[in-house]
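The values are calculated or read from the model by the stated rules, or taken from the named source; none is laboratory data. Since the structure is predicted, the reported quantities are computational estimates derived from the model, not experimental observations. Note: ideal-geometry Cβ built from the backbone for every residue, glycine included; neighbour counts use all protein chains shown.
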Amino acid sequence: MSALLSVQGLTVRAGGKTLVSNLSFSIGSGERMGLIGESGSGKSMTAMAVTGLLPANISVTGSIVLDGEEVVGAQDKHLNRLRGVATAVVFQEPLTALDPLMKIGKQIAEPVRRRLAREMGQAPRVAVDREVLDLLDKVALPQPQRIANAYPHEVSGGQRQRVAIAMALACRPKLLIADEPTTALDVTTQAEILKLLDGLVRETGMALLFISHDLPVVAEVVQRVMVLRDGIALEEGAVVDVFANPSHDYTQTLVDAARMFDEALGRTG
Amino acid sequence: MMLNLQNVNFGYSRHRKVLTDVSFNIRAGASVGLVGESGSGKTTLLRLLLGLERPSSGTIRFGDEVLDPADGAFMRRYRRSVQPVFQDPYSSLDPRQKVLDIIAEPLQSLRIVGPRKDAVAQALEAVGLPLDAMQRYPHEFSGGQRQRIAIARAIVARPEIILADEAVSALDLSTRIRIVELFKTLSATLTLVFVSHDLGVVASLCEEMVILENGQVVESGQTRDILAAPQHPYTQRLLASIPRMPA
Amino acid sequence: MTSLDLSTDRPARRHSLSLSIGLALVGLNVVVAILTLFWTPYDPLNASGGRLEAPSLLHWVGTDRLGRDYLTQIVIGARTALIVGTGAVAIGASIGVTLGILAAFATRLLDDVMAATLDILIAFPTLLLAMLVVAASDSASLWSAILALGLAISAIVARLTRILAKRVLRQDYIIASRTSGTSWLGVVVRHVLPNIWPTLSVNFALQFGLAVIAEASLSYLGLGAPPPNASWGRLLQEAQGTVYTAPVGAIAPGIALVALVIGMNLLADGLRDVGDPTRGRTR
Ligand SMILES: Nc1ncnc2c1ncn2[C@@H]1O[C@H](COP(=O)(O)OP(=O)(O)OP(=O)(O)O)[C@@H](O)[C@H]1O
Ligand SMILES: Nc1ncnc2c1ncn2[C@@H]1O[C@H](COP(=O)(O)OP(=O)(O)OP(=O)(O)O)[C@@H](O)[C@H]1O
Ligand SMILES: [Mg+2]
Ligand SMILES: [Mg+2]
């Protein structure tokens, strides 16, 4: 069986600098993969390249096959069909993904309507509205009705992040790319979101590319993990193995730092 | 007493209260962690402390003056003392300004004399960004790098108080340690209000903490004491649900 | 494995092409218009040949009913068109941007009132609005036409500015700027205007083209600048009666008009991305 996403020799360059070099990995349906590395290591760049969202002045070489289609060099028209059906993204900064002048409910309704129209040939308003509220409820938002009627700047940072997650889930993608989706969430809310993602992977066979710098969270969510530094993949493997026996010093420092914070809380891992 | 909140109540609309009877003190030079569930009112509290909103009842004092957003002369003085770091780093940087101009804005607006470029360079260095960042635009940086630009802007004018809203949550651990160390050095001379849902960071940075639930202070005091023996069920739940490194 | 390079800057080249064609067309117009201040092929007011002569080496586009050189009329028309376009956009921009920004800052109620008023104003066609203004001022002159068109444009610009500015005002960098001690005026100058400028400038270029067309229409209807201000609209109207005997008289000003308007649109298209540091960032 061929993988849902297969990346071969991906290289991303901007203005003479190489931001990601020669990256290869693949994700199958129902698989969960994590991408870790410090700030500026090229995690978001990789995610954007997979969706073909990088601007024209950034060069992408290599091959990215998503749901049987080549992304590198593809026409935008073509990619638009892939986005939202094959894949959806939760962006690192939720505010950039939301229109400041449109009510949240209306923004989520758009992908819902598109999907219903595609799947059932019609999208009755009641069905769309019901599904929007249902999605808001699923991402652990209190008072879904109020949030649906609010503008993005009228809800809290963590609530906005959950709205962005709801919007990505509205597409029911085969592959969900989540770029630091829980940074703005407190631990209790974060736990609920992680449980939701876990459930979706189990029930619908959705694949997950999970980007995070939070090692304990990564350990909880994914099976496989890839460590990036300066755009180069240092190691890849089962998350338990990588965290227990890092084969690279850099990974060791990441793991040590994570344990140090655990200790600051007066506990050992 | 640097900042003092007394029975502060606030709601964005009349029907829904966001903060209820919030009272606490922040000593000069203290670093206070503000912890709470998403939507519990942390950012709202910072907005009040910044003078962007006015309490519907209760008072906030800065030293022995009442913080009144309508008092222009007071606000001008107050703005010199307080700098915020916002939760969403991308939206807090003007996409059309170069990093140099972004970081220099407080110096310019507060009419702080002295070589601007040097001050900006110092601030960039403190947050661990290269000096050539000055001539670039925000979109050329990663999420964590943008967050550090926002922190550089907050420290450049050497304020007395920094109100940081999830200032390190977009950062990986090694960068986070660096920024936490930076805040620690700064907090020797600075008052720091540090909003975070990351108890690990609060534990390593703040001697005191205030825990908000649903707009109410449910627990406050020495961080060490609270972590060792959380009194309120919410705090206990919060501590219990932190993901840990696998053994 | 494919190895296609996405950076083949195809969109960038398309923009620079439309930018250069736009610049060429508009630039030609400007050069010609300035030239007419010092020199025209013939005296625009007096006959220099027979009536309705066909194009010849002496008169490249022939002569009009009074025997005046037609090319001279057209190049003076270029000047009129530029004055009208620039004047109308300048008036429309200064009133419109100011109103739009005020509306963006205004309280909910005042903002709603302004938005509704603008919507109603915009519902009237620009030309109709301009005709009303011209009719209200007792004498038709170039300046009343410019003023009329400027006012009509200002409503469109105000509505656009309001939406754009509102979007910017909701960003955190505005609050960051305020808490850095920047005044509201400073916020507008430093953050709001630079961020709305790219979209606005494109709109100005489009409005310029529309103003030129509207002025031609006004002149065509006899509501534009009276003679001796040659206007392409009036040339078209005068050529109406002789369109079968001397078709050049109708075609030439038409081509000049279309060239300027298309040039301005291409320029607008090309300008969109120039000076935008986030150019190409698609998300
Ligand atoms: N448009 C651009 N032009 C040039 N360099 C860029 C551009 N966008 C990003 N970069 C650089 O690419 C590198 C990788 O960025 P990326 O956003 O992928 O980092 P990241 O791993 O997601 O980091 P973070 O955890 O901070 O979000 C960074 O060093 C950044 O400065
Ligand atoms: N401008 C606004 N208008 C109306 N309601 C608002 C507005 N801003 C925030 N709220 C609501 O007030 C409550 C508190 O929001 P606040 O932003 O203070 O939360 P927070 O503690 O910072 O949460 P987070 O950790 O998610 O950022 C939330 O329920 C939010 O939806
Ligand atoms: Mg990133
Ligand atoms: Mg917040």
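Points to keep in mind about this one:
- Scan the stretch A:112-161 for residues that are more than 12 Å from every other protein chain (Cβ to nearest Cβ) and either among the polar types (S, T, N, Q) or part of a helix (DSSP H, G or I) (or both) and the total you get is 27.
- Residues located in the stretch B:161-176, provided they are in a strand (DSSP E or B), within 16 Å of ligand 2 (Cβ to nearest atom) and more than 8 Å from every other protein chain (Cβ to nearest Cβ): B:Leu163, B:Ala164
- Among the residues listed as C:Ile175, C:Ile196, C:Ile156, the single one being touching a residue at least 12 places away in the same chain (Cβ under 8 Å) and within 14 Å of chain B (Cβ to nearest Cβ): C:Ile196
- Single residue of B:Ala152, B:Ala229, B:Ala188 found to be in contact (Cβ under 8 Å) with a residue 12 or more places away in the chain, among the aliphatic types (A, V, I, L, M) and away from ligand 1 (no atom under 16 Å from the Cβ): B:Ala188
- Residue identified as of a type in the set (Lys, Arg) and not in a helix (DSSP H, G or I) among B:Arg237, B:Arg244, B:Arg224: B:Arg244
- Residues of the stretch B:134-149 include none that is crowded, with 22+ Cβ neighbours inside 10 Å, without any contact (Cβ under 8 Å) to a residue 12 or more places away in the chain and out of contact with any Pro (no Cβ under 8 Å at 6 or more places or on another chain).
To keep it simple, each residue is scored yes or no on (1) within 15 Å of the chain's Cα centre (by Cα); (2) within 16 Å of ligand 3 (Cβ to nearest atom).
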position: B:Tyr137; (1), (2): no, no
position: B:Gly143; (1), (2): no, yes
position: B:Arg146; (1), (2): no, yes
position: B:Ile155; (1), (2): yes, no
position: B:Ile162; (1), (2): yes, no
position: B:Ser169; (1), (2): yes, yes
position: B:Arg178; (1), (2): no, no
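- Note on the stretch A:231-250: residues that are more than 12 Å from every other protein chain (Cβ to nearest Cβ) and within 29 Å of A:Ala14 (Cβ to Cβ) total 7.
- C:Leu149 meets each of the listed conditions (1) modelled with pLDDT under 90; (2) closer than 15 Å to C:Thr98 by Cα; (3) hydrophobic (A, V, I, L, M, F, W, C) apart from (2).
- Screening the stretch A:162-189 for residues that are of a type in the set (D, E, K, R) and assigned to a loop (DSSP other than H, G, I, E, B) and picking the one that is nearest to ligand 1 (Cβ to nearest atom) gives A:Glu180.
- Looking only at residues in the stretch C:261-275 that are more than 11 Å from the chain's Cα centre (by Cα) and either among the small types (Gly, Ala, Ser) or at positive phi (or both), the one that is modelled with the highest pLDDT is C:Gly270.
- In summary, B:Gly215 fulfils each of the numbered conditions (1) more than 24 Å from A:Thr183 (Cβ to Cβ); (2) within 16 Å of ligand 2 (Cβ to nearest atom) with the single exception of condition (1).
- Neighbours by Cβ (under 8 Å, 6+ apart or cross-chain): first from the stretch A:8-37, at the interface with another protein chain (Cβ under 10 Å from one of its Cβ atoms) and in a loop (DSSP other than H, G, I, E, B); second within 16 Å of ligand 3 (Cβ to nearest atom) and among the acidic types (Asp, Glu): A:Gly37/B:Asp172
- Residues of the stretch B:43-68 classified as more than 16 Å from ligand 4 (Cβ to nearest atom) and within 11 Å of another protein chain (Cβ to nearest Cβ), total: 1
- From A:Val89, A:Val85, residue being within 14 Å of chain B (Cβ to nearest Cβ) and of a type in the set (A, V, I, L, M, F, W, C): A:Val89
- Note on the stretch A:144-166: residues that are near ligand 2 (Cβ under 8 Å from one of its atoms) and either among the charged types (D, E, K, R) or in contact with a strand residue (DSSP E or B) (Cβ under 9 Å, 6 or more places away or on another chain) (or both) total 5.
- Residues being modelled with pLDDT of 90 or more and either away from chain C (no Cβ under 12 Å) or part of a loop (DSSP other than H, G, I, E, B) (or both) - total across the stretch A:46-66: 3
- Among the helices (runs of 4 or more DSSP H) confined to the stretch B:37-111, the ones with at least 2 residues that are within 16 Å of ligand 1 (Cβ to nearest atom) are located at B:99-109.
- Within the stretch A:169-188, being at negative phi and within 13 Å of another protein chain (Cβ to nearest Cβ) holds for A:Ile177, A:Asp179, A:Pro181, A:Thr182, A:Thr183, A:Ala184, A:Leu185, A:Asp186, A:Val187, A:Thr188.
- Test result for A:Leu95, closer than 30 Å to A:Glu203 by Cα, within 14 Å of another protein chain (Cβ to nearest Cβ), in a helix (DSSP H, G or I) and within 16 Å of ligand 3 (Cβ to nearest atom): yes
- Here A:Leu176, A:Leu169, A:Leu141 are screened, and the one residue that is over 28 Å from A:Met45 (Cβ atoms), of a type in the set (A, V, I, L, M) and either within 16 Å of ligand 2 (Cβ to nearest atom) or under 17 Å from the mean Cα position of the chain (by Cα) (or both) is A:Leu141.
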